[in-house]
Amino acid sequence: MIPQIYADGFSNISFVNGMVRIDLASTPPGAATGGTPAPAEVHHRVVLTPRAFLQSMGMMQDLMHKLVDAGVVRRTDQAPDNTNLVGEAGKSS
């Protein structure tokens, strides 16, 4: 079995020393205080060559179109260069 890493999202994407670095982050469980959620904590970093980053972006765009076609998310186009995706719960994705 391939090990899996869960992340709530990316906390940062940067280009340093010729490599693309993507920081994966998650919000600690039960860390909300006074109604304010705790900041996400970085727990892993993915480092890619620029070519690998561009290839992965193409794969993510293909998956986004499949999610839209399957009705998992829907597009809310507000401008030609600004596409928002809305998930089942009505939250922007």
remark   = Within the range 43-61, residues being among the β-branched types (Val, Ile, Thr) and surrounded by 14 or more Cβ atoms within 10 Å (Cβ to Cβ) number 1
key: Selection within the range 23-78 - part of a loop (DSSP other than H, G, I, E, B) and not small (Gly, Ala, Ser)   = 27, 28, 29, 37, 39, 49, 72, 73
task = Tell me, yes or no, whether the range 28-35 has at least one residue that is within 28 Å of residue 75 (Cβ to Cβ) and surrounded by 10 or more Cβ atoms within 10 Å (Cβ to Cβ).
result = no
request  = Six or more apart or on different chains, Cβ under 8 Å: which pairs go from a residue in the range 18-31 that's farther than 16 Å from residue 42 by Cβ to one that's not β-branched (Val, Ile, Thr)? Could you list them?
outcome  = 18/50; 19/48; 19/50
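No lab work stands behind these numbers, since they all come straight from the coordinates. Predicted, not measured: the structure shown is a model, and the values here were computed from it. Quick reminder, even Gly has a Cβ in these numbers, built from the backbone with ideal geometry, and neighbours come from all protein chains shown.
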